[in-house]
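The values are calculated or read from the model by the stated rules, or taken from the named source; none is laboratory data. Note that the coordinates shown come from a computational prediction; the quantities given were computed from them, not determined experimentally. Every residue, glycine among them, receives a Cβ derived from its backbone with ideal geometry; neighbour counts consider all protein chains shown.
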Amino acid sequence: MKVVKEWNGHVYFAGNFTKVGVPVGGGSLVNLETGTIFPTEEFMNFNDLGAARITSAVLDGVGGIFVSGNFQIANTKPRTYLAHFLSDGKLDPNFNVVINNVVNKVTIHAGVLYLLGDFTAVNGNTRNYLAAIDLTSGQVNSWNPNPDVQPSDIAFGDGVAFVVGGYFSSLGGQIRQFVGAVDLVSGTATGWQPSIAGASVKTVSHSGGVVYIGGNFTSINSNTRNNLAAINASDGLTTSWNPNVDGEVTKLLIRGEKAYFGGSFTLVGGSTPRDFLARVSLTGSGAPDNWAPAISSYSLNPLEDVYETNDSVFFVGNFDSVNGQSRASAAKVDSVFGTATDSWNPGLYDSGTNFATKSILPWNNRLFIGGNYVFTNIVDRNYLFSVDLNHQSITGFSPFFNGLINDITFHGNYLYASGNFTQVGSSTRNGFVELDFGTAQPTSWNPTFGASAGEVQTLAVKDNALYVGGDLTTVDASSIQRLAKIDLSGTTRTLLWPNLNFDGSVRKLVFSETELFVAGTFTSVSGNARAGMVCLSLTGANVTNFYPNFTDPITTPNNIPIGTTAGLGTIKTFHIFGGALYSAGEFSSVNGQSRYLVAGFDLEQKQLLPFNMTVPGSSVYGLSDDGNSLYLLSLSQYDLNLNFQTALAKIDKTGAVDRSFSQLQSGNLSSFSMIRGVPIVVGSFYKWNQSFTQGIWAVQ
């Protein structure tokens with residue numbers, strides 16, 4: 001995100017994006033009937049490198065839920081890869097198991113919590129890939145099958161755990177190829193050892209004394225079984241159940257007397273077409289029934305979990321459509337034919353291209369859905385979108401730019417945008433456009449600012465006139481040197497200011513009642529020496545006598561000036577607040593007096609104010625106020641390796657920093673605006689004060 005501005009009850013955001021949605025983290029509660037998301041802070045605040053990765057969930061039997069995944073924070077509290085939430089939906093403050101890597105599956109059997117994942121230690125105890133946890137105390141128990149390679153799945157029978165994966169040189173102390181069973185008390189391998197020919201076993205379930213497995217194999221105990229099979233839990237012999245699937249099965253889930261499975265197959269039962277997803281009966285030979293939702297999958301893991309009601313089947317996985325209807329990651333279909341019967345569609349996305357949802361189960365009269373997603377209600381928006389402040393929803397305004405936007409401004413029924421684009425909608429527009437709010441399409445006015453797109457850097461409107469600044473040297477056929485003023489009062493757009501001459505780029509504009517303040521990389525304006533800043537009268541565009549001398553640019557630890565001109569300070573931004581003009585950028589003195597990064601001037605007398613900021617940093621590039629205090633965006637050098645971070649600070653009129661206003665974010669800040677008294681900040685961050693977000697934050 002790069003730009004945020006308000007106009008007529010809407011907030012407009014510009015940046016580098018093509019899709020926009022509501023952040024919900026990696027876990028959501030969903031209405032069973034409507035598909036409506038109920039975002040909760042508890043599940044938005046799983047964080048690991050910016051995004052939740054919930055891999056599994058299981059009900060605890062007393063109204064709560066265990067959630068596993070790739071995270072180290074849960075609701076701002078340390079929770080390494082496993083968290084417990086109580087029946088009221090709040091994080092359990094007393095359950096905190098310390099695990100050293102990702103937990104891929106969590107399940108409960110006979111009052112014990114079992115974990116499968118990438119870990120090698122639990123609560124300081126060596127546990128390679130498998131562990132058992134006491135539900136109440138959170139302490140690891142003595143069960144330790146100690147497989148030498150990570151299993152892919154686990155299921156439980158009478159006193160044993162069935163483990164599947166690759167070639168185990170050791171599982172419970174014995175060699176086991178693809179599958180094995182370990183005692184739930186001792187953790188040692190039992191004699192259960194079916195012979196499997198193939199490449200892998202990926203998934204396992206147990207029901208009624210039978211172990212069901214799926215993967216990439218061709219025979220069990222010398223009996224032909226393609227990718228899906230059933231084995232007696234007692235003696236390891238193959239049953240007659242034989243769905244005969246023509247491609248790899250990556251997930252198998254038993255629900256009652258039915259088996260749901262997903263994978264890279266196209267035929268089931270030898271000849272019945274089923275793409276990626278199918279259901280068969282556990283009785284008889286395992287022939288497919290009539291349930292056949294047609295899904296469009298983006299990976300070999302189209303199915304991850306299933307939940308059944310009397311007349312519907314909810315399933316989640318890696319897909320984006322069902323029966324031709326958009327359904328990202330989660331779908332509801334009827335239980336007989338698999339038809340999407342209503343508009344139920346939570347619309348869960350990661351970056352807009354990855355649809356990996358892992359877990360679905362009923363909890364507190366809703367469905368809990370967990371996975372890799374971080375957004376819901378995704379819509380296509382290229383580089384610009386708006387939010388209705390009253391309804392707090394994304395609007396239908398969608399002009400579709402083909403490149404980045406540098407700045408936006410507004411006048412009446414029109415939005416003006418500049419940037420590196422060459423097309424808006426179906427219209428050619430070379431770096432500048434006038435958009436009609438009613439149609440979200442370009443108007444017929446199509447001026448050419450400069451020789452190429454991207455030369456307009458800043459836009460502003462004052463008294464029915466549009467001011468355009470940047471690197472441009474022409475407007476259509478007229479010569480112009482970096483700043484143009486255009487009449488917006490009528491239906492004809494007329495160039496008013498062709499006579500100013502800046503010798504460098506114009507980057508920032510701000511107005512008082514009678515004057516225009518301009519910042520940039522110039523050193524003279526129409527023959528007047530003005531280094532980086534100039535004050536123009538709005539009547540006549542005359543250069544005024546106001547000429548502060550910003551000097552001594554901030555340097556790196558190697559004494560390299562950060563400012564654009566050695567010996568000169570650089571002005572990045574202006575802001576008018578409380579009868580004063582505040583100038584900010586990269587400097588340490590003004591008119592020979594110490595002023596660090598920000599300086600204030602009396603707006604009428606143009607006298608330097610005693611305001612002297614003390615916050616450390618190397619640059620200030622954003623300023624605004626809430627009516628009482630000044631807010632600024634700063635670039636702060638924080639180590640000798642020239643690494644930088646950006647920060648939002650709050651200061652009073654003397655320059656003193658409000659230390660209680662502590663804001664921590666995970667990435668860089670681009671700009672902000674005060675909207676209804678609240679700083680709305682945009683940038684490339686994904687976390688703010690341990691709360692998950694994605695490039696936008698309203699600072700309370």
Fill in the blank from the handout: Considering segment 291-314, residues that are part of a loop (DSSP other than H, G, I, E, B) and among the aromatic types (Phe, Trp, Tyr), and then whichever is surrounded by the fewest Cβ atoms within 10 Å (Cβ to Cβ), we arrive at 298
Handout entry: Residue that is nearest to residue 164 (Cα to Cα) [pool: residues in segment 241-277 that are among the aromatic types (Phe, Trp, Tyr) and part of a strand (DSSP E or B)]
Key = 261
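Table: residues versus (1) surrounded by fewer than 21 Cβ atoms within 10 Å (Cβ to Cβ); (2) among the hydrophobic types (A, V, I, L, M, F, W, C); (3) farther than 24 Å from residue 590 by Cβ; (4) at pLDDT 85 or above.
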position	(1), (2), (3), (4)
607	yes, no, no, yes
613	no, yes, no, no
626	yes, no, yes, yes
636	yes, no, no, no
641	yes, no, yes, no
648	no, yes, no, no
652	yes, no, no, no
663	yes, no, yes, no
Completion exercise
Expected single match for touching a Pro at 6+ places or on another chain (Cβ under 7 Å), touching a residue at least 24 places away in the same chain (Cβ under 8 Å), within 19 Å of residue 331 (Cβ to Cβ) and assigned by the TED database to the domain that holds residue 165 among 276, 261 is 276
Problem - Residue within segment 462-477 that is part of a loop (DSSP other than H, G, I, E, B) and under 19 Å from residue 575 (Cα atoms) present - result: yes
Practice task
Return the residue satisfying two criteria in turn: it lies in segment 315-352 and is acidic (Asp, Glu) and in a loop (DSSP other than H, G, I, E, B), and of such residues it is nearest to residue 374 (Cα to Cα).
Solution key: 350
Handout entry: Residues satisfying the stated conditions in segment 490-520, i.e. among the basic types (Lys, Arg) and touching a Phe, Trp or Tyr at 6+ places or on another chain (Cβ under 8 Å)
Key = 493, 508
Practice task
Scan 492, 473 and give me the residue that is over 23 Å from residue 516 (Cα atoms), more than 29 Å from the chain's Cα centre (by Cα) and surrounded by fewer than 20 Cβ atoms within 10 Å (Cβ to Cβ).
Solution key: 492
Exercise for the section: Hey, can you tell me all the residues within segment 409-423 that are farther than 22 Å from residue 491 by Cβ and surrounded by fewer than 23 Cβ atoms within 10 Å (Cβ to Cβ)? Expected result: 420, 422, 423
Exercise for the section: Would you confirm whether any residue within segment 163-173 is of a type in the set (S, T, N, Q) and either under 24 Å from residue 316 (Cβ atoms) or part of a loop (DSSP other than H, G, I, E, B) (or both)? Expected result: no
Problem - Filter result (farther than 15 Å from residue 95 by Cβ and surrounded by 15 or more Cβ atoms within 10 Å (Cβ to Cβ)) within segment 121-130 - result: 121, 127, 128, 129, 130
Exercise for the section: Report yes if some residue within segment 95-116 is among the basic types (Lys, Arg) and assigned to a loop (DSSP other than H, G, I, E, B); otherwise report no. Expected result: no
